[in-house]
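Have a look at the structure below, then the notes.
Bear in mind these aren't lab numbers, they're just calculated from the coordinates by the rules spelled out. Just so we're clear, the structure is a prediction, and the values are computed from it rather than from any experiment. Note that each Cβ is placed from the backbone with ideal geometry, even for glycine, and that neighbours are counted across all protein chains shown.
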Amino acid sequence: EERTNDAELKSEELRAAKEALEEKARELMISSKYKTEFLANMSHELRTPLNSILLLSEMFIDDTNHGLTSEQVEFMKMIHSSGQDLLDLINDILDLSKVEVGKLEIHFEEVNLCEFTDSLEQSFMQFAKKKNLEFTVSSSVDIPYLIFTDEKRLRQMLKNLLSNAFKFTEEGSVSVKLEEAGSHEVPQFHHTNAWLKVVVADTGIGIPAEKQEEIFEAFQQVDGATMRKYGGTGLGLSITKEFAQLLGGVCKVESEEGKGSSFTLLIPSLPEGLPEKGKETIHA
Ligand code: ADP
């Protein structure tokens with residue numbers, strides 16, 4: 001008699017606990033949906049005025065004389081670059097929150113790797129010159145000429161890795177190497193699908209072993225002191241890791257303190273499971 005009562009009580013308790021859990025899950029889902037909607041609206045509202053700040057300040061920093069003193073032109077440049085930083089931050093936060101709720105759109109398309117690396121080299125040459133670092137972009141002959149991936153996201157990943165490489169390196173070199181990944185290196189090897197391996201290496205400050213995992217989490221930086229010294233938001237690597245996964249690949253790091261770091265991206269040259277002529281947009 002007592003036992004049956006006990007069992008009944010227990011099952012009652014369990015049911016209540018299950019209901020409470022379900023309620024919590026519902027609340028969480030709603031709040032994360034609100035959060036994403038809020039972030040989406042917010043970033044739209046912020047982007048509009050920011051864009052006019054950017055456009056207007058840009059008008060005053062070309063070579064034409066607008067009647068501004070050179071000091072005023074310098075201020076305009078500062079306004080422009082702070083505005084750009086803010087816009088990048090807003091875009092990063094929005095991207096990450098979209099990834100979180102599975103709403104980030106991935107557009108697979110043909111990417112010409114020659115053109116891609118040329119433009120990458122062009123846009124980062126100035127950083128190398130500014131800091132007097134050697135900078136090389138090289139491709140091994142066996143890499144595919146065309147790959148099928150999301151060019152915009154690939155560019156964003158490399159921009160993040162390269163900005164870090166230049167930020168954390170004071171002397172020596174920064175290099176980008178493209179090659180075909182070996183079958184032992186990639187998560188799922190399929191003989192029809194070559195994998196691209198991109199290695200971004202630097203001779204900078206390096207990353208302590210115990211931090212090499214957590215730097216891929218949002219807002220994680222090696223230490224507070226680093227943050228004050230180098231600035232940044234701690235979002236770049238988490239975005240890079242998430243994007244790599246959305247493209248079917250991975251991002252990893254090898255590093256030694258005081259010697260330098262090397263970040264490796266492994267990306268399939270065709271998205272996994274894509275039908276032969278599946279050139280349509282895929283919503284991740
Ligand atoms: P941010 O660069 O904005 O701080 P990231 O997510 O890109 O954010 O990087 C997180 C942290 O990882 C950096 O703050 C830095 O401590 C460390 N890190 C990333 N790349 C490098 C690198 N190439 N060399 C040394 N440390 C790095």
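Here S163 clears all of (1) within 20 Å of G258 (Cβ to Cβ); (2) within 11 Å of the ligand (Cβ to nearest atom); (3) surrounded by fewer than 20 Cβ atoms within 10 Å (Cβ to Cβ) except the condition numbered (1).
Restricting attention to segment 145-155 and to residues that are of a type outside the set (A, V, I, L, M, F, W, C) and either free of Cβ contacts under 8 Å to residues at least 12 places away in the same chain or surrounded by fewer than 18 Cβ atoms within 10 Å (Cβ to Cβ) (or both), the residue that is farthest from the ligand (Cβ to nearest atom) turns out to be Y145.
Does segment 243-254 contain at least one residue that is near the ligand (Cβ under 10 Å from one of its atoms) and among the small types (G, A, S)? No, because not a single residue in segment 243-254 is near the ligand (Cβ under 10 Å from one of its atoms) and among the small types (G, A, S). Among the residues of segment 213-262, those that are within 22 Å of L94 (Cα to Cα) and β-branched (V, I, T) comprise I215, T233, I239, T240, V250. Within segment 154-174, can one find any residue that is of a type outside the set (V, I, T), in a strand (DSSP E or B) and in contact with a Phe, Trp or Tyr (Cβ under 9 Å, 6 or more places away or on another chain)? Checked against the condition, which is being of a type outside the set (V, I, T), in a strand (DSSP E or B) and in contact with a Phe, Trp or Tyr (Cβ under 9 Å, 6 or more places away or on another chain), segment 154-174 yields at least one hit.
Within segment 43-61, being in contact with a helix residue (DSSP H, G or I) (Cβ under 6 Å, 6 or more places away or on another chain) and of a type in the set (G, A, S) holds for S43, S57.
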